[in-house]
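The values are calculated or read from the model by the stated rules, or taken from the named source; none is laboratory data. Small disclaimer: the values here were computed from a predicted structure and weren't measured. Every residue, glycine as well, gets a Cβ built from its backbone with ideal geometry; the counts of neighbours run over all protein chains shown.
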């Protein structure tokens, strides 16, 4: 989604000096070392970085799954740093959609039910059917995960993430477990929901090619932001190859 | 320690909560087995030693009066080894400070020495000195109940004469391990006691000089008891013999062996349930562990560990848990056994108890534990070692689910996705769900099996004493008495209503079957003593014919309309064929009823009564008791109500302890099953549940999915447990039917409620523990790990 010139894009996330230190036994691991960042409404951002660069930690904190050791993070006007578990659950429930590397579908629920389990607790969801149509799986809605391919499972996961009409969609290596051909179909689905629903979409990847479909690319290394660049020529997902 | 063993120890540590829960189930089973079996063994050995040391007789006979010289003849009867003649008589007693009726049995002791058979164990004081007329030795429970010690005095009415007696000793006898008043249900040492007096004094009092009315004998090795009894009966018939009987029919011995049999039953069933549950728990826990360690097994095998090595690795882990339970159970069982032994020692009044823990019991317990443990995990371990390493290194294929039957029936719309998850989990692994239910239900069943006796007993009391036996007091005369005595009784102050009865000892015969009992003659329209039919409605005894209790009819193989041969065992000892007019339901004793007039005609001794049932004014009971005790012809005064109340009182505390221990045991099982099932479900599904938390489901919503499943299993288990418990209880009751009791199987609401409550409480505790773990789900971890 692009912004018409002159209007200031609305800030969805704002972080200041975001720091995360893990105590791993006797070792202290600095996953984030002071991140200052703003993410804007409706944009598609790719977080690029090698394994261990801190990108997952950042997304986990943005998604309300983890809390920072130091610094602040705001979702719109809500200070997530101060939120307790109940508030974070509430936040995830109504504002965030997650897509995981390994899909994390519930094996005992069909595609439609995997979506329904989220829509039933959301405020203003689309129907599970509509969500599945959006990712091109309208004809597989009564299949169980074990009856779906990896790519199909990931698209169900995307449908599940977007069905609540979240304001942010957080995807951690969504193509990490897929071959490139299937991966592109999944990215197309993400591209489409970003365009049609206008959710701020953050895609984590270590695959630089995927960055070409983003409006902005944020590079992380060793817990620091090393580069933020705006793509001048955004590629469509189907034109990517790796 | 080898590396693979170190892995085993750490795995065990990692699953310590579950291992401990399972070890506790083993522990409970082994403790139950060890304590009960060792106590059984101790009781049997003690009883045997007691009988041998104190020369408990093999048989007994009662006669009206037989001359001493008959003894020589009896001694020569083939099959008889030794004989002891005695005088035994019922007495009424006055104990200072105790207003209620007290009856007793006085048995003679040879002058100045122990009897040849049924010797006494003198606890305190001494035996009666030769020639001392007023000395008496009391049975210990009776002495204790009234706090009587050597030197104290009591008064007995011996054959109508007030006789002051001095207590010189307190003793025990193998013959009166259970001192139960004839016609009574349980020992009531405050109101019935056994005592011993010198032969000469007692003989003089009862006109038995140079004669006896009671006989004990031992059998020659290899003698056929039935043949000996028949010979004795023939010999004693003309002296008013009332039928000799063997040790098996001796009330005290019968009672005690019956109790031992029940104890033995429990000692077998209870531990087996525990071991089966423990085996099941080990199975599910180890199966899960192996599933989680699929890749580790593959690596071990890839590096050259054999199937046997891997199998032994898991077998060791399992055995460690089982043996931990067995060791703890043995220690606890030994301790409990010693405690139980002391309880039984006090209860049965053995002079000593040879309690020890036989090595064979420990070996059996350990053997059973090991066997249950290995059987429990055999299949899981076999599956682990069979998997080729290459395959095992790949992740397990995703679980396959289907829509459930209920949903396919079109009921789907009634269930939200979390509920569908619960349903589909059951349908995917129905056997596991069923075994879990079975495991939980067994704890419910154990409680019911242990506690229904109370309900049955209450029911019996209600029926027997609310409908059939409504008298407050039963007065028995020393011998059949003219009907005028009834009016005398009825006119005593405090007596509201008096109803006569006549008891005639008989042997009933039908075809080749026979049974020794007494026929009770009652009035045509009884108000107090009313036999009931199978619908528990009072029935009318017809002017002619017998009404038999159901079990007696069964023993004789007769139905209403058949004829039985009645051999009267007193007076002119007539034999007559009498038709069976009907059957009566009675839970205690094997009685036969007849119209009193008809019975008197049958006995041929004119119209007489043996005693009367009284309804009395309770405010005047003490005076009435004193008056009745003073009457020379009153042999016994019995208050059934008080006996029951006393029994309740003495058993209430024991019952409470027993209920508590049983609840604890059942709780251990329920907790073990629910907790382990929940832990495994959590381990299998933590990823799925964490994903849902990430997607915005609250803790409560996620808990519903996991704990809802357990709640369903628990709620299904409770009615199944009721059914299993009821089935087992009914079978126990069936196995326990004796001539003395025919307990019905009755299950009260309180028992059911307690059983359900224990299961629910155990489930709740497990749920709370699991819920704490659920709150600590790793939300981030699941995003990055493979299913």
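Here are the numbers for the structure shown:
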quantity	calculated
Residue check for residue B:666: crowded, with 19+ Cβ neighbours inside 10 Å, more than 26 Å from residue B:775 (Cβ to Cβ) and within 32 Å of the chain's Cα centre (by Cα)	yes
Hey, residue A:90 at negative phi and away from chain B (no Cβ under 13 Å) or not	no
Residue within the stretch B:108-130 that is assigned to a strand (DSSP E or B) and surrounded by 22 or more Cβ atoms within 10 Å (Cβ to Cβ) present	yes
Answer from B:707, B:779, B:754 - the residue that is buried (at least 17 other Cβ atoms within 10 Å of the Cβ), within 18 Å of residue B:446 (Cα to Cα) and either in contact (Cβ under 8 Å) with a residue 12 or more places away in the chain or within 14 Å of chain A (Cβ to nearest Cβ) (or both)	B:754
Strands (runs of 3 or more DSSP E) within the stretch B:151-230 that include 1 or more residues in contact with a strand residue (DSSP E or B) (Cβ under 6 Å, 6 or more places away or on another chain) and at pLDDT 95 or above	B:161-172, B:192-198, B:211-219
Yes/no for residue A:153 being within 12 Å of another protein chain (Cβ to nearest Cβ), farther than 21 Å from residue A:88 by Cβ and touching a strand residue (DSSP E or B) at 6+ places or on another chain (Cβ under 9 Å)	no
Selected residue (only one of B:209, B:264, B:258 is surrounded by fewer than 18 Cβ atoms within 10 Å (Cβ to Cβ) and free of Cβ contacts under 8 Å to residues at least 40 places away in the same chain)	B:209
Residue in the stretch A:99-116 that is farthest from the other protein chains (Cβ to nearest Cβ), counting only those that are in contact (Cβ under 8 Å) with a residue 40 or more places away in the chain and buried (at least 23 other Cβ atoms within 10 Å of the Cβ)	A:111
Pairs where the first residue, in the stretch B:414-430, is more than 7 Å from chain A (Cβ to nearest Cβ) and without any contact (Cβ under 8 Å) to a residue 60 or more places away in the chain and the second is in a helix (DSSP H, G or I) and surrounded by 19 or more Cβ atoms within 10 Å (Cβ to Cβ), C-beta under 9 Å, 6+ apart	B:415/B:422; B:415/B:423
Unique match (being in contact (Cβ under 8 Å) with a residue 40 or more places away in the chain and at positive phi) among B:151, B:131, B:90	B:131
So residue B:636, is it under 18 Å from residue B:499 (Cα atoms), under 33 Å from the mean Cα position of the chain (by Cα) and not in a loop (DSSP other than H, G, I, E, B)	yes
Test result for residue B:761, surrounded by fewer than 16 Cβ atoms within 10 Å (Cβ to Cβ), away from every other protein chain (no Cβ under 14 Å) and without any contact (Cβ under 8 Å) to a residue 60 or more places away in the chain	no
Options B:691, B:677: the member that is touching a residue at least 24 places away in the same chain (Cβ under 8 Å), crowded, with 16+ Cβ neighbours inside 10 Å and farther than 30 Å from residue B:751 by Cβ	B:691
Which listed residue, of B:439, B:450, B:494, is away from every other protein chain (no Cβ under 14 Å) and modelled with pLDDT under 85	B:450
Residue match in the stretch A:3-12 (condition: more than 19 Å from residue A:197 (Cβ to Cβ), free of Cβ contacts under 8 Å to residues at least 40 places away in the same chain and facing chain B (nearest Cβ under 8 Å))	no
Hits in the stretch A:18-36 - residues which are on the phi > 0 side of the Ramachandran plot and not in a strand (DSSP E or B)	A:25
Residues located in the stretch A:46-58, provided they are surrounded by fewer than 22 Cβ atoms within 10 Å (Cβ to Cβ) and either within 14 Å of chain B (Cβ to nearest Cβ) or modelled with pLDDT of 95 or more (or both)	A:51, A:52
Boolean, residue A:96 is within 14 Å of chain B (Cβ to nearest Cβ) and either within 21 Å of residue B:415 (Cα to Cα) or crowded, with 18+ Cβ neighbours inside 10 Å (or both)	yes
Sole exception among (1) away from chain B (no Cβ under 13 Å); (2) touching a residue at least 24 places away in the same chain (Cβ under 8 Å); (3) touching a helix residue (DSSP H, G or I) at 6+ places or on another chain (Cβ under 9 Å) for residue A:66, by number	(1)
Residue B:315 over 30 Å from residue B:663 (Cα atoms) and in contact (Cβ under 8 Å) with a residue 12 or more places away in the chain	yes
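Each row is one residue, and each column tells you yes or no for (1) touching a residue at least 12 places away in the same chain (Cβ under 8 Å); (2) in contact with a helix residue (DSSP H, G or I) (Cβ under 6 Å, 6 or more places away or on another chain); (3) crowded, with 24+ Cβ neighbours inside 10 Å.
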{"residue": "A:133", "(1), (2), (3)": "no, no, no"}
{"residue": "A:151", "(1), (2), (3)": "yes, yes, no"}
{"residue": "A:157", "(1), (2), (3)": "yes, no, yes"}
{"residue": "A:164", "(1), (2), (3)": "yes, yes, yes"}
{"residue": "A:175", "(1), (2), (3)": "yes, yes, yes"}
{"residue": "A:199", "(1), (2), (3)": "yes, no, yes"}
{"residue": "A:228", "(1), (2), (3)": "yes, no, no"}
{"residue": "A:236", "(1), (2), (3)": "yes, no, no"}
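Yes/no matrix, rows are residues, columns are (1) farther than 24 Å from residue B:3 by Cα; (2) in contact (Cβ under 8 Å) with a residue 60 or more places away in the chain; (3) surrounded by fewer than 17 Cβ atoms within 10 Å (Cβ to Cβ):
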| site | (1), (2), (3) |
| --- | --- |
| B:291 | no, yes, yes |
| B:321 | no, yes, no |
| B:325 | yes, yes, no |
| B:332 | yes, yes, no |
| B:352 | yes, yes, yes |
| B:360 | yes, no, yes |
| B:365 | yes, yes, no |
| B:377 | no, yes, no |
